[in-house]
Structure formats: structure tokens, C-alpha cells
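The values are calculated or read from the model by the stated rules, or taken from the named source; none is laboratory data. Since this is a predicted model, take the numbers as computed values, not measurements. All Cβ positions, even for glycine, are placed from backbone atoms using ideal geometry, and neighbour counts span all protein chains on display.
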Amino acid sequence: MIKIEEQDLIDWLEHVRIYANNGKVADYIPALANQQPETNAVAYYPIGGEVIFAGQSQYDFTIQSISKVFALAVALIQHGEQAVFSRVDKEPTSDPFYSVAKLEVEKPAKPFNPMINAGALAVTNMIRGRNSEEMVEEILNLVRKLSNDETITYNQEVAQSEYETAFLNRALCYFMKQHGVITGSIEELLDVYTKQCAINMNVKQLARVAAVFANDGRDPDTDEQILPDHVARICKTFMVTCGMYDESGTFAINVGIPAKSGVSGCIMGSIKQSGGIAVFGPALNKKGNSVVGLRFLEKLADVKRWSIF
Ligand code: DON
């Protein structure tokens, strides 16, 4: 068991916060452009212990692409592996998360993996519900269960802002609809997708969810199985191979834990048989990953020897 103390979090966050100067807050979703680059927070939720934290740990941010992991978990629970992987493949790409390029190569319109936007849209399209609200509820219910917090919901302003400007994601949907990879109303799908991306959480809530994945789907407090272990395993595998987009290989060498980032500046990581970590800092590097988050995880992973490799 790797021991992490609150003082570790405080010291290392203080050490790396200056790196916010090297990044830029995402502004392609207009409502995200208001985020302050100097905001930062981290929380660690140990398996069988008390959460520890540093920085602005009560600050709510939208989880953005981290929601792709949760939507994948819902689709796998509802439909099983065979159905999900008939729509989306399991291979990493070296392209940015929003890329259209690979949809036209090899298997027409079958996205390479569920962590790029095309793949995430295809997965969300599978979620059960009579309308978009019911589909969003399916994802929210899983997040509430894993975080043990019924209050979690989405940020209407950020969802609306992305919905109004998601032209590239609309293009991906139309391309995939033409090839039969997605079905139904594209506006309804974008409504669900932009709301799942806008789910509001703080680092403490997110660290608990990461701890469930670290504990192979079992509750970190009670050890009850609350997510099927094979679903947790598949999600963590995608986090390793594709979770940090086209920086996943570098992250695997420098940190070496299953992790997922979002363009709001959040990263969640699952440290096997130890716990879950969530770090937030909205200034991003060119790949769309939090610069403070990356530096923080690199430092702590080195000191605590987290790497699974
Ligand atoms: O689809 C989008 O562009 C966003 N809602 C999510 C992208 C994202 O978080 C990518 N992350 N690093």
C-alpha cells in the first residue's frame, strides 16, 4: 500500500502551481474561457481511508472528457462488450481528440476508441432512454453512485455554451450517421453529450470515483462491488492507452497510472490497490491536458513509485 499524506499534496501543489503560466485556458467552449488559470486543487481518496486534499478542493468544474469513461461504463453495463465494440474500436490514435481524419481510413466511420470525440459520441448514442434527459440521468446515476453523492448534476450554462458551438462534433455525428454507426436525432445526441461533459464535480468527488476504479469496481469504504470488475478493467485499460489523448504514451512513461483528462483542466487517476486521485488546474498544454495536473502527477508518481510498469 502506497502511503500518501496531506502534506505531500500541499507541498507538491505549491511546487508545481507556477506551471500554470505555461498553459492556456480552453476557450473553444465559450463558457470555459472564464476559468481562472491560477485556480488549482487536488484530492486523494485512499481505499479504506479518509480523503485528503489541498488547494480549492470545493471548487466545481465540469468534467468534460472524463465523462467519456462514465458513458462507456454505462454502455458496457447496458449492452455488453460485443455490442459496444461493434460500434467503436479499441485502438489508440495519435490524433487530437476532436480529429475527423481517422474516420475515413480502414473501417469507414468506425471510431478508433471511446476516448476520442467520435468514439464517445458513438458510445453515448447507445445509452438507453426515451429522451435526452433520461439518457443523461443514466450517466448521472452512475456518477452519483460511484461518488456516493446524490447532489451531483450538470452545469446548464456550460452545456448550452458547448451545444451552441459544437460544429465539429456535429460534423462527426453526420459522418457516422451516414455510415450507420450512429442512429436517431443528432441534436438529441449532442444534447446528451454536452450535458455529460458539463457534469459538475469537485476534486474530492472525482477522487472517490477514481478510487472505485482503482479498487476494481468496489466501493473504497465498504468494499461492496458497485461497478462490474470487467467494466472497471476495460475503462482503466482505455485510460492507459487513450486517456490522455495523443499524449498517452508520454504520460505512461512519466506517470504510469490509468488516467483521464478533460479540457476544463481536470485529470483523474486510479492507483492500483491504493486509491483515486483528482487534480485540477485549467491552464492546458497544446494537447489539451492540464499543465499543473501533469507536473503534479509526474512529481508524486516519481516520489511514490506509482507506475504500474
Ligand atoms: O467534445 C468536446 O470538445 C468537449 N466537450 C470535451 C473535450 C475534452 O475534454 C477533451 N479533453 N481533453
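Residues in the stretch 224-265 that are among the polar types (S, T, N, Q), assigned to a helix (DSSP H, G or I) and within 16 Å of the ligand (Cβ to nearest atom): 241, 248, 250. Considered as a group, the residues in the stretch 78-95 that are of a type in the set (S, T, N, Q) and at pLDDT below 95 include one that is surrounded by the fewest Cβ atoms within 10 Å (Cβ to Cβ), and that residue is 94.
Identify, from the list 67, 94, the residue that is within 13 Å of the ligand (Cβ to nearest atom) and either in a helix (DSSP H, G or I) or under 30 Å from residue 22 (Cα atoms) (or both). Answer to the selection: 67.
Test residue 53 against the criterion of being assigned to a loop (DSSP other than H, G, I, E, B) and either among the aromatic types (Phe, Trp, Tyr) or closer than 13 Å to residue 126 by Cα (or both), and give yes or no. No: the conditions fail for residue 53.
For the stretch 167-189, the criterion of being free of Cβ contacts under 8 Å to residues at least 12 places away in the same chain, within 16 Å of the ligand (Cβ to nearest atom) and not aromatic (Phe, Trp, Tyr) is met by at least one residue. For the stretch 38-59, the set of residues classified as in contact with a helix residue (DSSP H, G or I) (Cβ under 9 Å, 6 or more places away or on another chain) and either on the phi > 0 side of the Ramachandran plot or within 16 Å of the ligand (Cβ to nearest atom) (or both) consists of 55 only.
Given the structure, is residue 288 part of a loop (DSSP other than H, G, I, E, B), within 13 Å of the ligand (Cβ to nearest atom) and farther than 19 Å from residue 53 by Cα? It is true that residue 288 is part of a loop (DSSP other than H, G, I, E, B), within 13 Å of the ligand (Cβ to nearest atom) and farther than 19 Å from residue 53 by Cα. Please verify whether residue 234 is more than 24 Å from residue 290 (Cβ to Cβ) and either modelled with pLDDT of 95 or more or not hydroxyl-bearing (Ser, Thr, Tyr) (or both), treating the condition exactly as stated. Spelling it out, residue 234 is indeed more than 24 Å from residue 290 (Cβ to Cβ) and either modelled with pLDDT of 95 or more or not hydroxyl-bearing (Ser, Thr, Tyr) (or both).
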